[in-house]
1. Is the stretch 221-233 home to any residue that is within 16 Å of the ligand (Cβ to nearest atom), of a type in the set (S, T, N, Q) and without any contact (Cβ under 8 Å) to a residue 60 or more places away in the chain?
2. Just to check your reading of the model, which residue among Ser237, Ser150 is small (Gly, Ala, Ser) and within 30 Å of Ala111 (Cβ to Cβ)?
3. Which ones in the stretch 260-271 are within 12 Å of the ligand (Cβ to nearest atom) and not small (Gly, Ala, Ser)?
4. Here are the criteria: (1) under 18 Å from Thr319 (Cβ atoms); (2) without any contact (Cβ under 8 Å) to a residue 60 or more places away in the chain. Tell me which single one Ala89 does not satisfy.
5. Quick one: what pairs do we get from the stretch 101-125, first residue farther than 19 Å from Ala156 by Cβ, second of a type in the set (Asp, Glu) and within 13 Å of the ligand (Cβ to nearest atom), C-beta under 9 Å, 6+ apart or different chains?
6. Restricting to the stretch 92-115, count the residues that are surrounded by fewer than 22 Cβ atoms within 10 Å (Cβ to Cβ), in contact with a helix residue (DSSP H, G or I) (Cβ under 8 Å, 6 or more places away or on another chain) and of a type outside the set (Val, Ile, Thr).
7. Restricting to the stretch 142-166, name every residue that is within 10 Å of the ligand (Cβ to nearest atom), among the charged types (D, E, K, R) and either surrounded by fewer than 18 Cβ atoms within 10 Å (Cβ to Cβ) or at negative phi (or both).
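What follows is calculated from the coordinates using simple rules that are stated; it is not laboratory data. Here the structure is a predicted model, which means the values were calculated and not measured. Note that each Cβ is placed from the backbone with ideal geometry, even for glycine, and that neighbours are counted across all protein chains shown.
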Amino acid sequence: MSVISDKDGLRLPLEIPMNNSKFSVFGLLKPLLISVIGLAAVVGCKKEGGAAGANASSVTIGYLVKQPDEPWFQTEWQFAQKAADEKGAKLIKLAVPDGEKTLAAIDNLAASGAQGFVICTPDVRLGPAIAAKAAANNMKLITVDDQFLSDGKVMADVHHLGVAAREVGHVSGQALSDEMKKRNWPADQVAAAIVTFKELDTARERTEGIVEKLTELGFPKTKIYETAQKTTDIPGSFDAVNFLLTQHPEVKYWLVAGMNDTATLGGVRALEGRGFTDKTAIGIGINGTDCLDELKKTNPTPFFGSILMEANVHGHDTTVALIDWISKGTEPAKERFTGGVLITRADFEQKLKDHGMWR
Ligand code: FCA
């Protein structure tokens, strides 16, 4: 398994293990390292016994995402396109907001002659249906970000590139605690609103990680209030936090976090609606791609920062891996997980530039 996770010891910030040496994705800025990182996707891979497919130039693949409105997925698409262009392959980008559209999209891809696809599914429970449809159409498949479930269990036979969710949650919890301690708020007047979406494993593990780290750093568990978002968008997290604020008028200072930037942004909007400001609330997102307008605002809001993850690597490396699998018969690593680093108003522009993700 090529993994950046607790099993190997936490290797954040953003590194890719490769033959005992570590490559920082800062190198994505450099053309030379782009190819090195492309290679990293296939390190530890084995050649399949059977005949390999055609040249990369005759390869067509799909890249299907559940929420194309999220800049996270737009960034993945952007770097997937770059990778496909470098390889001379054809990339078809499709939005799949629900199960029906997902299954129809796979049929359409097959009809277009696509030999495989990368997918972030709108519902992980669709895993068996999607995998069956891919197999029926003789298409190769790599999941990105959200891992398929079958009867509640991860489909470990499907190749996956995702995030080391619990570790990323720890980075968020650490940032919340560090920033809170700087402020010297009266401890008995502070609480944490954690926006949860437990239906999705990567979301559940991230918020569990936040809570774990906060409590490890001395934040009282009794003051950590979880609140579930019904939908993974700003209205969903706004409603979840608004409900909590109604229940806890006694709290004078809030920490707010969730599984991604959108979860935290909705919470921040709800806090602002109740008169909280950057002086009385601290919000930390995850993704680092969907909060840039917020961080660019002239006047600071309670949205303090985010954990920047590797949307660029996810888009680029899944695409390279899939094209190579189809054209050369090189099977990618079964599982790979990436990490994240804190960005704030003070340094987000530089850090995104360093990671080749500034637009
Ligand atoms: C999930 C979330 C996205 C992003 C991705 C890595 O799919 O919905 O916002 O965090 O994981």
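1. We begin by selecting, within the stretch 221-233, every residue within 16 Å of the ligand (Cβ to nearest atom); these are 228-233.
When the remaining residues are screened for being of a type in the set (S, T, N, Q), the result is 229, 231-232.
Those left that are additionally without any contact (Cβ under 8 Å) to a residue 60 or more places away in the chain: 229, 231.
Within the stretch 221-233 (the criterion being within 16 Å of the ligand (Cβ to nearest atom), of a type in the set (S, T, N, Q) and without any contact (Cβ under 8 Å) to a residue 60 or more places away in the chain), the answer is yes, since at least one residue qualifies.
2. Values: Ser237 fails: within 30 Å of Ala111 (Cβ to Cβ).
Checking each option against the conditions leaves just Ser150.
3. Just the residues of the stretch 260-271 that are within 12 Å of the ligand (Cβ to nearest atom), to begin with: 260-265.
Matches in the stretch 260-271: Asn260, Asp261, Thr262, Thr264, Leu265.
4. Among (1) under 18 Å from Thr319 (Cβ atoms); (2) without any contact (Cβ under 8 Å) to a residue 60 or more places away in the chain, Ala89 violates only (2).
5. Thr102/Asp123; Pro122/Asp146
6. Total meeting the criteria: 6.
7. Asp146
To keep it simple, each residue is scored yes or no on (1) of a type in the set (Ser, Thr, Tyr); (2) touching a helix residue (DSSP H, G or I) at 6+ places or on another chain (Cβ under 6 Å).
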site: Lys297; (1), (2): no, no
site: Pro302; (1), (2): no, yes
site: Ser306; (1), (2): yes, yes
site: Met309; (1), (2): no, no
site: His314; (1), (2): no, yes
site: Lys328; (1), (2): no, no
site: Ile343; (1), (2): no, yes
site: Gln350; (1), (2): no, no
